[in-house]
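Right, one structure below, let's go through it.
The values are calculated or read from the model by the stated rules, or taken from the named source; none is laboratory data. Owing to the predicted nature of the structure, the values given are computational and were not obtained by experimental measurement. Positions of Cβ are generated from backbone atoms using ideal geometry, with glycine treated the same way; all protein chains shown enter the neighbour counts.
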Amino acid sequence: MNIDLLHRLSETLAERRNADPQTSYTAQLMAKGPDAILKKIGEECAELIMAGKEGDRLNVVWESTDVLFHVMVLLAFYGLSIEDVLQELRRREGISGVDEKKSRSA
């Protein structure tokens, strides 16, 4: 994966927070607030689930892209970026999923 691409997208999404909702889909979604963004993430996740169940590899890629994009919109809405997620992934690297989950519930 080209991490530079994710960073560029993250920067663009942060810029769109202040863009005109009439000219930017992202600005339009952000102007509606977190509920609208979360609803869109839910819709895209449902579409990804269906693509996965159908086994259509190309649709899995397309729907995964939509999910990732809309999650990044949510991050930008809250003033976060893909780097925040990458830092957390780095922190978790080499830690068992079971142990990591236990550490969050303590």
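For the condition at pLDDT below 95 and assigned to a helix (DSSP H, G or I), what is the one hit in ARG8, ARG91? Explain how you work it out, then say what you get.
Working: ARG8 fails: at pLDDT below 95.
The match here is ARG91.
Quick check on the range 29-56: of everything there that is of a type in the set (D, E, K, R) and in contact with a His (Cβ under 6 Å, 6 or more places away or on another chain), which residue is nearest to ALA76 (Cα to Cα)? Reasoning before the result, please.
Residues of the range 29-56 that are of a type in the set (D, E, K, R), as a first pass: 32, 35, 39-40, 43-44, 47, 53-54, 56.
From the residues that got through so far, the ones that are in contact with a His (Cβ under 6 Å, 6 or more places away or on another chain) too are 40, 44.
Working: LYS40: 15, GLU44: 18 Å.
Among those that are of a type in the set (D, E, K, R) and in contact with a His (Cβ under 6 Å, 6 or more places away or on another chain), it is LYS40.
Filtering the range 12-24 down to residues that are assigned to a loop (DSSP other than H, G, I, E, B) and surrounded by 15 or more Cβ atoms within 10 Å (Cβ to Cβ), which residue is farthest from the chain's Cα centre (by Cα)?
Restricting attention to the range 12-24, the residues satisfying the condition of being assigned to a loop (DSSP other than H, G, I, E, B) are 17-24.
Retained after the next criterion (residues that are surrounded by 15 or more Cβ atoms within 10 Å (Cβ to Cβ)): 17, 19, 24.
Details: ARG17: 15, ALA19: 19, SER24: 18 Å.
Among those residues, the one meeting the criterion is ALA19.
Does VAL73 satisfy being β-branched (Val, Ile, Thr), under 18 Å from ASN2 (Cα atoms) and at pLDDT 95 or above? Spell out how you get there, then give the answer.
Numbers: β-branched (Val, Ile, Thr): yes; under 18 Å from ASN2 (Cα atoms): no; at pLDDT 95 or above: yes.
Answer is no for this residue.
Name the single residue, out of those in the range 25-66 being modelled with pLDDT of 95 or more and outside any helix (DSSP H, G or I), that is surrounded by the fewest Cβ atoms within 10 Å (Cβ to Cβ). Give the steps one after another, and end with the answer.
Going through the range 25-66, the residues modelled with pLDDT of 95 or more turn out to be 25-55, 57-66.
Applying the additional criterion that residues be outside any helix (DSSP H, G or I) yields 33, 55.
Numbers: GLY33: 10, GLY55: 8.
Within the range 25-66, the match that is surrounded by the fewest Cβ atoms within 10 Å (Cβ to Cβ) is GLY55.
Could you grab the pairs with beta carbons closer than 8 Å, sequence gap of 6+ or different chains, first residue in the range 78-106 and under 30 Å from ALA27 (Cβ atoms), second one polar (S, T, N, Q)?
SER81/SER10; ILE82/SER10; GLU83/SER10
Quick one: would you say LEU48 is within 12 Å of the chain's Cα centre (by Cα) and among the hydrophobic types (A, V, I, L, M, F, W, C)? It would help to see each step written out before you state the result.
Details: within 12 Å of the chain's Cα centre (by Cα): no; among the hydrophobic types (A, V, I, L, M, F, W, C): yes.
For LEU48, the condition - within 12 Å of the chain's Cα centre (by Cα) and among the hydrophobic types (A, V, I, L, M, F, W, C) - is not met.
Restricting the search to the range 4-37, which residues are under 23 Å from GLN87 (Cα atoms) and out of contact with any helix residue (DSSP H, G or I) (no Cβ under 7 Å at 6 or more places or on another chain)?
ASP4, LEU5, ARG8, GLU11, THR12, GLU15 - these are the residues of the range 4-37 that are under 23 Å from GLN87 (Cα atoms) and out of contact with any helix residue (DSSP H, G or I) (no Cβ under 7 Å at 6 or more places or on another chain).
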